[in-house]
Amino acid sequence: MSALPRIIAPQSAGLVPKDFQAQIIENICAALGSQPRPPCLLRSPTGSGKTFILTKILENIGRTTPVLWLWFVPYVNLVAQTVDTLDSQSTDTGLIARHLGLAQNEAPEAGQVLVSTLQGVASAKSHKAAYDDKADDDRRSLAAYFELARSRGLEIGLVVDEVHIALDSATEFGKFVKWLKADYLLMASATPKDARLNAFIASAGNIAFKAFSVSRAEVVKERLNKPWLETVVYPMSEAMHSITDLKLTVLRRAWQRNQHIGRVLKSRGLRTVPLMLVQVANGFEAIREAFEFLTQHLGVAPNAIGMHSADEPDPAMMAAIAVNESIEVLIFKQSAGTGFDAPRAFVLASTKNVNDEDFAMQFIGRVMRVPGELQRAFPVAYTAPTELDTAYIFLANELAQAGFSEAAASTQAVMSQLAGQIEELVVRRTAHGGVSLSNHVTDQTPLAYDIGLLATVASDGTLRPAALPDDAPVIYTPPPGEIGVTAGLFGAMDGGGELDGLDFMQAAGGNRPAIKRNAPANHAELMAALEASGLRAYPRLKSVAQRSTPERFTTEVKPVFDVLELDIRAAAQSLHLSEEVKSMATRAALNLLTEREVRTELFGGASFEESVQVVTDRAALMQRTQTALEKMGLEEQDHIDLIGALARRLLPEIERAHAYRENAVRPDAGVLRAQARDAACWVVHKQLPELQEALQAQWANKAREVPAQALPDALLMPAGQVLAPSRKNIYGVLFPATDSVALSAGALPLTAQALFKNEIYAFAQSAGGQPEGDVFCTARVDGTYEFNTQELAFAQSLDRADFVAWWHRNPQGKPYSIALMRTDNRNMFYPDFVVCLRHELDDEPLVRLVETKHDLKDASRKGQHASKTYGKVLFLTKDAQRFKIVEDNGSLGEVVDFDNLTRLRQWMRDSAPAAYPVFSIK
């Protein structure tokens, strides 16, 4: 017959109290036996034996006084656990634990402890009915039950456990306590957080309470708590975070730490088997995923894993699993993470966000306790090996560390005050008329604790009742017209009106505007109307220096995808894969990537870092890869072809990596191919820009050239800003400086707004309203025409150059502008200048393109594509006080002197296109 598993249990009533516990028990009992009798608060860290201390206090008082006790806890699952704990100790304490709801129909007895949640009695409806509701033939009301208890000579005592969590509905529960007028009020908290506590004390009709505090140092000294608490997180970039399975990484690292602790225990001759706690999200799927990873990837025996998968917490089952040393891992949901003791737990792996300080405090309590065997082996604090004196919490979410840090700080803030100190409530008014309660220590014992906050005298001499904070925060709404609140500039007119549409930005690209029906009768009338409205028209010159100018240019348009036929396999083959990229892709496929692991000791603040292996989230990696390829416009078959081609390139790397792994079973061919696909997805993830450029280059090379729309016949500018003349610009002007157009346009009268826009005018119409004869097209000069300082300097140098026939400012996004495709993304590129020049003295002039650029990388990317008609674009950038040519690789080339454009002319001659423009130059 196999031996029964060894049981390791938490401290029980049969044990001898530690020194600080004995002092606390004695002092609280003395306080509760004095007059006036104070509400008593026990502040003590999680794992310090609060339940044990409370039980001993109830036992001691019950020896001399017949008391019926009510014990309130924050969570439903803690009701059954508290009943079971008190019941198991009844032989020593004489206390009889019952559920409050079940006991109401029975006769109340001295020594009974009736357990409930606060929500079980905190009801506004019940309070209005003086708690005489919810009664029927099978159940007494609370009022009837307590009346019966008092008639039997029983005093009533009240215990509020985990008060830092329980008092969410503080004032409603306080009303119940005030109505009950309990003879004893005893509370327990793990933190010094007092906001809820103060509201509860006040609403219960008390003005002060007596606090008895135990510092963490006291608890550590008595070997009830581990001295140190480490959180372990994995900070990483967003790109890596999205493809790393941190949940499984946390499980792997936590299990490795748990095994190490087990080895240390054995080396010390200790039989305790460490228990790793795994907290997952609610839902069976999360439990199943954790179980499969532990068994399939970490080699944990299935029968060594305990699971709590029920929808409702079962603390009895959790406790049984926790003490059964054949179980090495306990997986539980967050809802079941409170109210069970696991003294042999050193490691908690949390795969779900825990940002709340109160929940974090509960989880800390699961791993802070010290096993009994370890207490006996190392009875003096800080003498055990560091690994055995540290609680470890591994977090899948780095942000969850804040909740644990706050919980640790709250625990650290509790200072020992074993003799107790009176803390008096203080009421103050806030700036917005609300009420705030705080507490401060006083040496003055009140005449009575339960006289309530006193009424105050108002300015008119009337009595004002005591003000208590409400459950809900006050929402302060400023009244209309309050000082500091700015109304709309036009009052009721704000929000839209008939004037709102008079001034608007014209879309840069767009369709050509509709032809105006009621246009001026002729060109002269149109010019007169423009002049009268305050606009000046700059007509396009038919010729410059006896050279005719074009009516339109040739531009590129994007190819249509259904006729594109990109060579996906060629792009995959041409993609450069460095040795480092191939190595990283292989490591990602084999879960061998490393990231920083940061361990922080929360009580001392020390931090340690090391590189550890993380688990690749294959599903997330594949999903991100597919999403990225879809955004590039690739179809499902393209995905298959691309990943397949990259996988074939990476398969030898995967096979080589397995060959170097000693004592490892070589996977079959199917697994190797799957890992090669994972590596291919990682390459796409990390080298997406390079892949986009490879595909975009193919796309750009398939660009179609078409005639652009005709150039405007005239450009419009507010007459108040006169443009400087230009010898060789096809509109005869140098364009204004940056932001000047908007300023001058803002000064136009409303009548000019209707004309200052892109428009096509017809001077004759048919009987059917269709235009006949010539039309005249105007375009407003906008910000895309404006010159910065270096563009203006270049334009002036073009005017001076004798080999330049004419030049044109090529505005961004206009349907009549020259647009070129880029090889690095889907955006079109509009070179700044169109320049007609002679490469040699007797040559026929050619049209070339020039861009003045400050971003060298962007210039290099744009320069990868050359126009069939205009050839390569010349990129110039300013370096100090000189302008230089930008080479194809993005480096700076030779200087171009704007006073002598000979070097520019030579560059143009060396890069002349094979084709000529579609229009002739005479």
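The values are calculated or read from the model by the stated rules, or taken from the named source; none is laboratory data. Bear in mind the structure is a predicted one, so any value in this text is a computation, not a measurement. Because the Cβ atoms are built from the backbone with ideal geometry, glycine has one as well, and the counts that use them run over all protein chains shown.
I'd like the full set of residues that are assigned to a loop (DSSP other than H, G, I, E, B) and touching an Asp or Glu at 6+ places or on another chain (Cβ under 7 Å), limited to segment 740-778.
Once the filter is applied, which keeps residues that are assigned to a loop (DSSP other than H, G, I, E, B) and touching an Asp or Glu at 6+ places or on another chain (Cβ under 7 Å), segment 740-778 yields PHE763, ALA764, SER766.
Which residues, taken from segment 836-865, are under 21 Å from GLU551 (Cβ atoms) and either within 40 Å of the chain's Cα centre (by Cα) or touching a residue at least 40 places away in the same chain (Cβ under 8 Å) (or both)?
Within segment 836-865, the subset under 21 Å from GLU551 (Cβ atoms) is 836-837, 844-849.
Correct list: CYS836, LEU837, GLU844, PRO845, LEU846, VAL847, ARG848.
Any idea which of GLU759, GLU772 is acidic (Asp, Glu) and touching a residue at least 12 places away in the same chain (Cβ under 8 Å)?
Of the residues listed, the single one that is acidic (Asp, Glu) and touching a residue at least 12 places away in the same chain (Cβ under 8 Å) is GLU759.
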Suppose the filter is assigned to a helix (DSSP H, G or I) and buried (at least 18 other Cβ atoms within 10 Å of the Cβ); does THR600 pass it? no
Subset of segment 105-123, residues at pLDDT below 90, under 19 Å from VAL160 (Cα atoms) and more than 38 Å from the chain's Cα centre (by Cα), comes to VAL121
Are any residues in segment 32-79 surrounded by fewer than 18 Cβ atoms within 10 Å (Cβ to Cβ) and of a type in the set (Gly, Ala, Ser), and if so, which ones? GLY33, SER34
Of all residues in segment 728-753, which are within 18 Å of ASP832 (Cα to Cα), more than 50 Å from the chain's Cα centre (by Cα) and of a type outside the set (A, V, I, L, M)? LYS728, ASN729, TYR731, GLY732
One residue is enough: does segment 238-251 have a residue meeting the conditions over 30 Å from ALA628 (Cβ atoms), out of contact with any Cys (no Cβ under 6 Å at 6 or more places or on another chain) and in a strand (DSSP E or B)? no
When residues of segment 635-662 are filtered for being in contact with a helix residue (DSSP H, G or I) (Cβ under 7 Å, 6 or more places away or on another chain) and either part of a loop (DSSP other than H, G, I, E, B) or farther than 26 Å from LEU251 by Cα (or both), how many remain? 12
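Kindly indicate whether GLY157 is surrounded by fewer than 23 Cβ atoms within 10 Å (Cβ to Cβ), in contact with a Phe, Trp or Tyr (Cβ under 6 Å, 6 or more places away or on another chain) and either outside any helix (DSSP H, G or I) or at pLDDT 80 or above (or both). Write out each step before concluding.
Numbers: surrounded by fewer than 23 Cβ atoms within 10 Å (Cβ to Cβ): yes; in contact with a Phe, Trp or Tyr (Cβ under 6 Å, 6 or more places away or on another chain): yes; either outside any helix (DSSP H, G or I) or at pLDDT 80 or above (or both): yes.
So GLY157 passes the test.
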The residue from ALA281, ALA190 that alone is surrounded by fewer than 22 Cβ atoms within 10 Å (Cβ to Cβ), more than 30 Å from ALA144 (Cα to Cα) and of a type in the set (A, V, I, L, M) is ALA281
Suppose we filter GLN790, GLN796 for residues that are closer than 29 Å to ASP897 by Cβ, within 46 Å of the chain's Cα centre (by Cα) and in the same structural domain as ARG882 (by TED's automatic domain parsing); which single one remains? GLN790
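Considering only segment 888-900, state which residues are under 42 Å from the mean Cα position of the chain (by Cα) and either on the phi < 0 side of the Ramachandran plot or surrounded by fewer than 15 Cβ atoms within 10 Å (Cβ to Cβ) (or both).
Within segment 888-900, the first condition is being under 42 Å from the mean Cα position of the chain (by Cα), and the residues that meet it are 888-892.
Once the filter is applied, which keeps residues that are under 42 Å from the mean Cα position of the chain (by Cα) and either on the phi < 0 side of the Ramachandran plot or surrounded by fewer than 15 Cβ atoms within 10 Å (Cβ to Cβ) (or both), segment 888-900 yields ASP888, ASN889, SER891, LEU892.
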Does segment 349-366 contain any residue that is touching a strand residue (DSSP E or B) at 6+ places or on another chain (Cβ under 9 Å) and at pLDDT 90 or above? yes
Taking SER583 as the residue in question, decide whether it is among the small types (Gly, Ala, Ser), without any contact (Cβ under 8 Å) to a residue 60 or more places away in the chain, closer than 30 Å to CYS681 by Cβ and not assigned by TED's automatic domain parsing to the domain that holds GLN812. no
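One line per residue, one yes/no per condition, for (1) among the small types (Gly, Ala, Ser); (2) modelled with pLDDT under 85; (3) over 25 Å from the mean Cα position of the chain (by Cα); (4) surrounded by 13 or more Cβ atoms within 10 Å (Cβ to Cβ):
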| site | (1), (2), (3), (4) |
| --- | --- |
| ALA589 | yes, no, yes, yes |
| LEU592 | no, no, yes, yes |
| ARG596 | no, no, no, yes |
| PHE608 | no, no, no, no |
| ASP617 | no, no, no, yes |
| ARG648 | no, no, yes, yes |
| PRO652 | no, no, yes, no |
Determine if segment 902-922 includes at least one residue that is surrounded by fewer than 22 Cβ atoms within 10 Å (Cβ to Cβ), at pLDDT 80 or above and in a strand (DSSP E or B). no
Qualifying positions in segment 377-395 - farther than 16 Å from ARG216 by Cβ and in contact with a Lys or Arg (Cβ under 9 Å, 6 or more places away or on another chain): ALA377, PHE378, PRO379, VAL380, ALA384, PRO385, GLU387, LEU388, TYR392, PHE394
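Filter segment 545-564 for residues that are of a type in the set (A, V, I, L, M) and at pLDDT 85 or above and give the result. Let's see the steps before the verdict.
First, pick out the residues of segment 545-564 that are of a type in the set (A, V, I, L, M): 545, 557, 560, 563-564.
Matches in segment 545-564: VAL557 only.
Can you pull out every residue in segment 1-43 that is of a type in the set (S, T, N, Q), at pLDDT 50 or above, assigned to a loop (DSSP other than H, G, I, E, B) and in contact with a helix residue (DSSP H, G or I) (Cβ under 8 Å, 6 or more places away or on another chain)? Reasoning before the result, please.
Pass one, segment 1-43, residues of a type in the set (S, T, N, Q): 2, 11-12, 21, 23, 27, 34-35.
Subsequent filtering for residues that are at pLDDT 50 or above retains 21, 23, 27, 34-35.
After this cut, where a residue has to be assigned to a loop (DSSP other than H, G, I, E, B) as well, the list is 34-35.
None - no residue of segment 1-43 is of a type in the set (S, T, N, Q), at pLDDT 50 or above, assigned to a loop (DSSP other than H, G, I, E, B) and in contact with a helix residue (DSSP H, G or I) (Cβ under 8 Å, 6 or more places away or on another chain), so the list stays empty.
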Residue within segment 565-587 that is part of a loop (DSSP other than H, G, I, E, B) and charged (D, E, K, R) present: yes
Out of the residues in segment 676-721 that are among the aliphatic types (A, V, I, L, M) and in a loop (DSSP other than H, G, I, E, B), state the one that is farthest from CYS777 (Cα to Cα). ALA703
Kindly list, by first and then second residue, each pair from a residue in segment 279-294 that is in contact (Cβ under 8 Å) with a residue 40 or more places away in the chain to a residue that is in a loop (DSSP other than H, G, I, E, B) and of a type in the set (A, V, I, L, M), limited to pairs with Cβ atoms under 8 Å and residues at least 6 apart or on different chains. GLN279/VAL354; LEU294/VAL300
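Condition check ((1) surrounded by fewer than 23 Cβ atoms within 10 Å (Cβ to Cβ); (2) touching a residue at least 12 places away in the same chain (Cβ under 8 Å); (3) among the basic types (Lys, Arg); (4) not assigned by TED's automatic domain parsing to the domain that holds HIS685) across all residues:
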site	(1), (2), (3), (4)
SER203	no, yes, no, yes
ASN206	no, yes, no, yes
LYS210	yes, yes, yes, yes
VAL233	yes, yes, no, yes
MET236	yes, yes, no, yes
ILE243	no, yes, no, yes
THR249	no, yes, no, yes
GLN256	yes, no, no, yes
Quick check on segment 176-196: of everything there that is in contact with a Leu (Cβ under 8 Å, 6 or more places away or on another chain), part of a helix (DSSP H, G or I) and modelled with pLDDT of 75 or more, which residue is farthest from PHE72 (Cα to Cα)? LEU180
State which residue is surrounded by the fewest Cβ atoms within 10 Å (Cβ to Cβ) when the search covers only segment 743-790 and only residues that are at pLDDT below 90, within 22 Å of PRO815 (Cβ to Cβ) and aliphatic (A, V, I, L, M). ALA754
